[in-house]
Amino acid sequence: MFSKQQAIEFAKKYHWTVKDAERAFKSIDLKQADELALLTAMAEFAGKELVNRQYLQRSQKGQVTKKTQYIKEIELDFAQKTNEYEKVIQKERSLFVRVIAQIYNVSKTFGVKDPWVETLLSEYEEYLSDDKNVA
């Protein structure tokens, strides 16, 4: 008496999902079923099996929520560590260039000239002046 689609629409009137309706009606012959047969199939399915499936769904949603929060924590931690490492690298880079500048100034007194070092120092001075202008 019912097609599969009609039976699903019947179950939807009672706020059932399509998948739950399909599972509930799997055990009956829809072509010979009447409303009472559909309601009986729905009532049987709505017992232990449906409660167990809904429990599993809640559990899965809880796991997804925990994983999402964990990923957010990791992203925040990564961003903080990246900023900290960037600051450390910046300080070490500054220290390294200052050491090069001091050694190069001493070596200039002995007549040493290196265009690479001079370019490095002039670029570093521009970089520092740009940082001061931005801040």
Taking max minus min of the Cα coordinates of the chain on each principal axis, largest first, gives extents in Å of 106, 26, 25
Relative contact order in percent for segment 10-135 (Cα pairs under 8 Å, 6+ apart) equals 13 percent
Pairs from 13/67; 19/67; 12/67; 12/72 whose Cα-Cα separation, in the structure shown, is over 29 Å
13/67; 12/67; 12/72
Reach of residue 91 by Cα under 18 Å, taken over lysines that are not fewer than 8 positions away in the same chain:
81, 132
Local charge sum around residue 108 (other residues, Cβ-Cβ under 11 Å, Lys/Arg +1, Asp/Glu -1)?
-1
Segment 10-64, convex hull of Cα, quarter of hull surface, nm² -> 4.0 nm²
Which is farthest toward the positive dipole end of the chain among 90, 74, 116, measuring Cα position about the Cα centre, with Cβ charges +1 (Lys, Arg) and -1 (Asp, Glu)?
74
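Bear in mind that the values in this text are calculations on the coordinates, not laboratory data. Just so it is clear, the model here is predicted, and its values are computed rather than measured. Because the Cβ atoms are built from the backbone with ideal geometry, glycine has one as well, and the counts that use them run over all protein chains shown.
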